[in-house]
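What follows is a short report on a single structure.
The values are calculated or read from the model by the stated rules, or taken from the named source; none is laboratory data. Just so we're clear, the structure is a prediction, and the values are computed from it rather than from any experiment. Here Cβ is always computed from backbone atoms with ideal geometry, including for glycine, and neighbour counts include all displayed protein chains.
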Amino acid sequence: MSEPMFSKKNLKLLSDPINNSNPITVQVLGICSALAVTAQLKPSIVMALSVTAVLALSNVVVSLLRNTIPNRIRIIVQLVIIATLVILVDELLKAFVFDVSRQLSVFVGLIITNCIIMGRLEAFALGNRPWQSFLDGVGNAAGYGVILIIIGVIRELFGSGSLLGFKIIPESWYIANGGFYENNGLMVLSPMALIVVGVIIWVQRHRNRTLIEN
Amino acid sequence: MNRNGNTYTFLYAAIMVVIVAAVLASVSMALKPKQKRNFEIEKKKNILASVKIESNATTAEKIYSEKILTEYVVNVKGDQVDGDAFNTNLKKEHAKAADEMLLPIFEFNTDEGIKYVLPVRGSGLWGPIWGFISLNDDMNTIYGANFDHEGETPGLGAEISTVAFESEFVGKKLFDNTGKLVSILVAKVGQVAPEEHRVDGISGGTITSKGLEKMLLDDFTKYQEFLKKKK
């Protein structure tokens, strides 16, 4: 490889998806899981990590195979690769870190349906070398994870008054204890995640006008 | 070979499927014993948690064998019958006719006397939910509870497996003063029931809450005769 491993161009693959081509807020992919798992911070973090592992690996695998995959069944091939990796990860977790596997529960299955993964395989890995694909995978997963964690923090803090299960809002603030505060029940429900995503998109486009479509 | 031809496409798909199948099957077989052991340890941990004994993956088996007094299987008439309590599969038992059903009981020696653990199993929103309820020796008052689920929604239905929810069950009663089984109501806002037969349901987890309520009533009904005999 003539190019250094962490050249400017390669680093851009990592940093772009975190900001200006963020899979959730700019490409609006992966919304379903962003709504489903972000009621609390912990599952958001776990989901972000699992997607990182699967996205980086499947990007590399597809990139390695990119010159052999028959064009007409490439989507099927990609899906099989994603599904295989997800099942492998699930089996390994069950055998070696059972507690983590218990927490992941439904998320493992949800990873397969995450459109970001298919999107990156289709848009990037099929036409680029493994190392670049790996960076692209990690970058996009990070962009996805950052948004998930922001939503998770907001929803858990205002919906349950806690973060990672630890109480943040003092008990004495609550109306039940003679205070003035009440948790916002809507925060716990999925529609609120969509509203939070909307607000994040708004803030991001306010700061970066080039993202606004005409 | 023509990469866009049918032959190539078919061959590619066939070889891919065979490789993937072989990899998944061998990984699954290689890891099966380890996974099975993890499930057993998890079950022991959960049973211990229902009698308020803390344990972790490394200590569960040792503590379990120290604290357990006896385990046996009863039928719906409440008579003890032959069977392996720990390995009884509730899913299979619940599918059987009532008079063939085997119901496991675990007796534990705790600091607060002998406790009776009854496994329960039912349906949540997305899949099965299950748990272990421990009773005091009056066979009426709940000493502790532990619930778990396969795939309830995190933050909503999945809250049934949190300590905050489980601890609500402590001290609740299965039978009313006349000796009738009323079980526990998992209440929504506005639902009224005597304090000793009611816990607060989970906001946003109504179907899981109601599934749990039904699971308790159904399964305590199966254990009813045993509980009455033992009292």
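Residues in the stretch A:83-105 that are surrounded by fewer than 19 Cβ atoms within 10 Å (Cβ to Cβ) and either under 17 Å from the mean Cα position of the chain (by Cα) or more than 8 Å from chain B (Cβ to nearest Cβ) (or both): A:Ala83, A:Val89, A:Asp90, A:Val97, A:Val100, A:Gln103. The listed residues are B:Lys44, B:Lys32, B:Lys36, and the only one of them that is in contact with a Ser or Thr (Cβ under 8 Å, 6 or more places away or on another chain) and under 20 Å from A:Arg102 (Cβ atoms) turns out to be B:Lys44. Considering B:Ile63, B:Ile68, which residue is in contact (Cβ under 8 Å) with a residue 24 or more places away in the chain and more than 9 Å from every other protein chain (Cβ to nearest Cβ)? Just one listed residue meets the conditions, B:Ile68. Just name the residue that is nearest to the other protein chains (Cβ to nearest Cβ) out of those in the stretch A:32-66 that are of a type outside the set (A, V, I, L, M, F, W, C) and closer than 18 Å to A:Pro17 by Cβ. Per the stated criteria, the residue is A:Ser44.
Specify the residue that is farthest from A:Leu57 (Cα to Cα); the eligible residues are those in the stretch A:111-123 that are of a type outside the set (Val, Ile, Thr) and crowded, with 20+ Cβ neighbours inside 10 Å.
Applying the first criterion (of a type outside the set (Val, Ile, Thr)) to the stretch A:111-123 yields A:114-115, A:118-123.
Next, only the ones that are crowded, with 20+ Cβ neighbours inside 10 Å stay: A:114, A:120-121.
On the way: A:Asn114: 15, A:Arg120: 12, A:Leu121: 11 Å.
Out of the qualifying residues, it is A:Asn114.
Only one entry of B:Val163, B:Val189 meets the criterion of being surrounded by fewer than 17 Cβ atoms within 10 Å (Cβ to Cβ), over 20 Å from B:Ile129 (Cα atoms), within 14 Å of another protein chain (Cβ to nearest Cβ) and among the hydrophobic types (A, V, I, L, M, F, W, C), and that entry is B:Val189. Buried (at least 17 other Cβ atoms within 10 Å of the Cβ) and among the hydrophobic types (A, V, I, L, M, F, W, C), is that true of B:Ile63? For B:Ile63, the condition - buried (at least 17 other Cβ atoms within 10 Å of the Cβ) and among the hydrophobic types (A, V, I, L, M, F, W, C) - is not met.
Do we find that A:Ile69 is assigned to a helix (DSSP H, G or I), within 14 Å of chain B (Cβ to nearest Cβ) and out of contact with any Lys or Arg (no Cβ under 6 Å at 6 or more places or on another chain) in this structure? Against the criterion (assigned to a helix (DSSP H, G or I), within 14 Å of chain B (Cβ to nearest Cβ) and out of contact with any Lys or Arg (no Cβ under 6 Å at 6 or more places or on another chain)), A:Ile69 does not qualify. When residues in the stretch B:113-143 are screened for being in a strand (DSSP E or B), under 24 Å from B:Met101 (Cα atoms) and more than 14 Å from chain A (Cβ to nearest Cβ), 15 of them pass. Of the numbered conditions (1) over 21 Å from the mean Cα position of the chain (by Cα); (2) of a type in the set (Asp, Glu); (3) buried (at least 17 other Cβ atoms within 10 Å of the Cβ), B:Asp176 satisfies every one except a single condition; which is it? Every listed condition holds for B:Asp176 apart from (3).
For every residue, the table says whether it meets (1) more than 11 Å from chain A (Cβ to nearest Cβ); (2) part of a helix (DSSP H, G or I); (3) in contact with a strand residue (DSSP E or B) (Cβ under 8 Å, 6 or more places away or on another chain).
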{"residue": "B:Thr9", "(1), (2), (3)": "no, yes, no"}
{"residue": "B:Ala30", "(1), (2), (3)": "no, yes, no"}
{"residue": "B:Gln35", "(1), (2), (3)": "no, yes, no"}
{"residue": "B:Asn56", "(1), (2), (3)": "no, no, no"}
{"residue": "B:Thr88", "(1), (2), (3)": "yes, no, yes"}
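Taking the stated definitions as given, is B:Glu196 closer than 20 Å to B:Leu118 by Cβ, part of a helix (DSSP H, G or I) and under 20 Å from the mean Cα position of the chain (by Cα)? Spelling it out, it is not the case that B:Glu196 is closer than 20 Å to B:Leu118 by Cβ, part of a helix (DSSP H, G or I) and under 20 Å from the mean Cα position of the chain (by Cα). Per the listing B:Glu40, B:Glu54, the residue uniquely exposed (fewer than 12 other Cβ atoms within 10 Å of the Cβ) and closer than 30 Å to B:Ala164 by Cα is B:Glu54. The listed residues are B:Ala60, B:Ala14, B:Ala95, and the only one of them that is within 20 Å of the chain's Cα centre (by Cα), farther than 24 Å from B:Phe169 by Cα and either modelled with pLDDT of 90 or more or not charged (D, E, K, R) (or both) turns out to be B:Ala95.
Got at least one residue in the stretch A:142-154 being in contact (Cβ under 8 Å) with a residue 40 or more places away in the chain and either in contact with a Cys (Cβ under 6 Å, 6 or more places away or on another chain) or farther than 17 Å from A:Lys42 by Cβ (or both)?
Yes; the residues of the stretch A:142-154 include at least one that is in contact (Cβ under 8 Å) with a residue 40 or more places away in the chain and either in contact with a Cys (Cβ under 6 Å, 6 or more places away or on another chain) or farther than 17 Å from A:Lys42 by Cβ (or both).
Of all residues in the stretch B:162-220, those satisfying the criterion of being touching a residue at least 12 places away in the same chain (Cβ under 8 Å) and of a type in the set (Val, Ile, Thr) are B:Val170, B:Val182, B:Ile184, B:Val186, B:Val199, B:Ile202, B:Thr206, B:Ile207, B:Thr208.
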